[in-house]
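The values are calculated or read from the model by the stated rules, or taken from the named source; none is laboratory data. Quantities reported herein were computed from a predicted structural model and do not represent experimental measurements. Here the Cβ positions follow ideal geometry from the backbone for every residue, glycine too, while neighbour counts run over all protein chains shown. Heads up: the accessible areas ignore ligands, DNA and RNA and are worked out on the full protein's heavy atoms, side chains in. Shrake-Rupley method; radii C 1.70, N 1.55, O 1.52, S 1.80 Å.
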Amino acid sequence: MPNDAPSLLVLSGVQGDPRRYRTFHLYEQARLAGLKCELSHVTDPGLRNKVERSAVVILHRAPYDSQIARIEKVIHGKGGLFILDLDDLVIEPEAIKYIHSPDFADPVRRSVYQEDIRRYRKTLDVCDAAITSSDFLANSIRMMGKPAYVHRNAFSLEMQALAERAYHTRIFDPARIVIGYASGTPTHDRDFNLITPALQICLSRHPNVELWLVGHLDPGGDWGNLKSRIKMYSFLPWRNLPELQVRFDINLAPLEINNPFGQSKSENKYMEAALLRVPTVASPSDSYSYAIRQGENGFLANDTLDWEEYLEALIEPVENRITMGEKAYQDVLQRYHPKVRAEQLINTLNLIAGHKFEFHSKRQKTKLTAEKQPSTYWSSAKQERFPTLFQRGIYTLQHRSLGTLLKQIWIFIRRSVSPIFPYPDSLERMENDALPR
């Protein structure tokens, strides 16, 4: 294995935004640094050859199975590095108590998730180290006796281009102020409930303020006549989100900070809004406290009084939110740009590798010239759609078991009919009542 030019394989075991941020974006960063790098998914039929060509594998959120066992054996057999990438607290069995997800009322879904947690932990055990999206996650892994390094999320070059286009085509309505919240998964109702009182106060005081909620969220039914000023938008593909989010005047990022699952979350909501020059009010979680400098590029709110005060400060005068939004924009360009993360990736990989081999940045050879436009680094929608549901089912049958596949089929069917036959909430309510308030 050549020590001067190790090759890197970035692959994932999941789909959706977590995969995009932790593998597609990482792949872009590696290419910007000039590394020899390939991108794949554990279901890829050509994965065997890619593993054979690689010295280092970064594996994002893949439960241990016969495929992972084979990859680990090949990589370690030739003296390579096997690194686990995590962006959620999916290795701690107790964390399930803190996930407010409606489908966990289904015992089959709960059992599959708990089995996956055990398998994630097994994957961690056979890895040389882990990289994470937050300090909280890294510290949790270190307490389990495994080296862990923080490599924070970054926007992609395509995200930047879409944000710039949305910003320069936005239409301001001076008669309306929009407070917005975009939820990517149906697990944030309790987070949103934290700020409901402050939002109701602000809407009561300011008739020109509207609340826009995007994605999977139930705002509750205690809004009275304020409900007419709440606009609900269905979940949007990430490429379409900037066109709506640019119309926010204030972005919300509440989290239960006494909840370890919430603490493990990254600062993506701040970063995505900042690309559009929209200021954020967030809970002081580990990640948001890293991203936001209080009163400069955003606000960190501890309680209802804080949320009320900071929302009021951004509602009027308009200059406050314009200034703060611009500072947030400059901040993410300086700290969250993929070229910045590319250099940090080199450093992190060298820390993990020690004296085994060394990664060298060739960034000066990969400048975005007229011959190599930013779009050449973008990942395609076709890549994101792979694997299909059928391909994932075949993989489960090959590398897990028929029983697991049947459970996954049940979960898919149960989710599909949940709008007609909602999940029973008795189990969910019982667990929520047991959580700390």
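Key figures
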{"read-out": "Distance between modelled label sites at His355 and Gln398, nm, 7 Å Cα→Cβ extension", "value": "4.1 nm"}
{"read-out": "Measure of compaction for the stretch 119-225 (Cα Rg per 2.2 N^0.38 Å)", "value": "1.56"}
{"read-out": "Nearest-ten-degree value, helix 66-77 long axis tilted from longest Cα axis of the chain", "value": "60 degrees"}
{"read-out": "Interchain or long-range residues, amide H under 5 Å from Leu81's placed H", "value": "Val56, Val57"}
{"read-out": "With Cα atoms, 0 to 90° folded angle of helix 389-399 axis to the chain main axis", "value": "40 degrees"}
{"read-out": "Per residue accessible area of the stretch 162-244, 1.4 Å probe, in Å²", "value": "49 Å²"}
{"read-out": "Amide H contacts of His41 (H built 1.01 Å from N, under 5 Å, at least 5 apart or other chain)", "value": "Ser12"}
{"read-out": "Integer Hz, Karplus 6.51/-1.76/1.60 couplings in order for the stretch 51-59, x for Gly and Pro", "value": "5, 4, 7, 9, 9, 10, 10, 9, 10"}
{"read-out": "Directionally averaged projected area (convex hull, Cα atoms, the stretch 163-262), nm²", "value": "7.0 nm²"}
{"read-out": "20 °C / 1.002 mPa s Stokes-Einstein diffusion coefficient of the stretch 257-304, Kirkwood radius on C-alpha pairs, µm²/s", "value": "197 µm²/s"}
{"read-out": "Ellipticity estimate at 222 nm from DSSP helix runs (n ≥ 4, -39,500 (n - 2.57)) divided over the chain, nearest 500", "value": "-13000 deg cm²/dmol"}
{"read-out": "Dipole moment magnitude, nearest 20 debye, the stretch 118-245 about Cα centre, only Lys, Arg, Asp, Glu C-beta charged", "value": "260 debye"}
{"read-out": "Long-range HN-HN contacts of Gly298 with modeled amide H, under 5 Å", "value": "Arg293"}
{"read-out": "Share antiparallel - DSSP beta bridges, the chain, percent rounded to 5", "value": "0 percent"}
{"read-out": "Solvent-accessible area per residue, Å², over the stretch 277-324 with all protein chains present [probe radius 1.4 Å]", "value": "40 Å²"}
{"read-out": "For the stretch 258-263, 3J(HN,Hα) per residue [Karplus equation, 6.51 cos²θ - 1.76 cosθ + 1.60, θ = phi - 60°, Hz, x = Gly/Pro]", "value": "8, 10, x, 5, x, 5"}
{"read-out": "Cα gyration tensor category, rounded, prolate or oblate, for the stretch 289-354 with a/c compared to 1.5", "value": "oblate"}
{"read-out": "Anchor Lys362: aspartates and glutamates whose Cα lies under 19 Å away (excluding residues fewer than 8 positions away in-chain)", "value": "Asp4, Glu28, Glu38, Glu343, Glu371"}
{"read-out": "The stretch 37-153: radius of gyration and largest Cα-Cα distance (Dmax), Å", "value": "14.9, 45"}
{"read-out": "Rounded if a/c under 1.5, otherwise prolate or oblate - the chain, Cα gyration tensor axes", "value": "oblate"}
{"read-out": "Centroid-to-centroid separation of the stretch 49-88 and the stretch 208-225 [C-alpha atoms, Å]", "value": "44 Å"}
{"read-out": "Sequence of Ser66, Ser234 when ordered by accessible area, the most exposed leading, probe 1.4 angstrom", "value": "Ser234, Ser66"}
{"read-out": "Relative contact order (percent, whole number), the chain, Cα cutoff 8 Å, 6+ residue spacing", "value": "20 percent"}
{"read-out": "Sequence ranges 143-156, 246-259, ranked by mean other-Cβ count within 10 angstrom, highest first", "value": "246-259, 143-156"}
{"read-out": "With Cα atoms, 0 to 90° folded angle of helix 304-315 axis to the chain main axis", "value": "80 degrees"}
{"read-out": "Diffusion constant of the stretch 260-382 at 10 °C, which comes from Stokes-Einstein with the Kirkwood Cα-pair radius and 1.306 mPa s, µm²/s", "value": "94 µm²/s"}
{"read-out": "Two-decimal log10 I(q)/I(0) for the stretch 13-88, as the Debye equation yields it once each C-alpha is a single scatterer, q = 0.20, 0.24 Å⁻¹", "value": "-0.90, -1.30"}
{"read-out": "Between the stretch 92-147 and the stretch 322-336, the Cα center-to-center distance that results, in Å", "value": "33 Å"}
{"read-out": "Under Karplus coefficients 6.51, -1.76 and 1.60, residue-wise ³J(HN,Hα) of the stretch 325-341 in Hz, glycine/proline x", "value": "x, 5, 5, 5, 4, 5, 5, 6, 5, 7, 10, 10, 5, x, 6, 5, 5"}
{"read-out": "Heavy-atom accessible surface of the chain: percent carbon and sulfur, 1.4 Å", "value": "55 percent"}
{"read-out": "Total formal charge among the other residues, if their Cβ is under 9 angstrom from that of Lys50, Lys/Arg +1 and Asp/Glu -1", "value": "-1"}
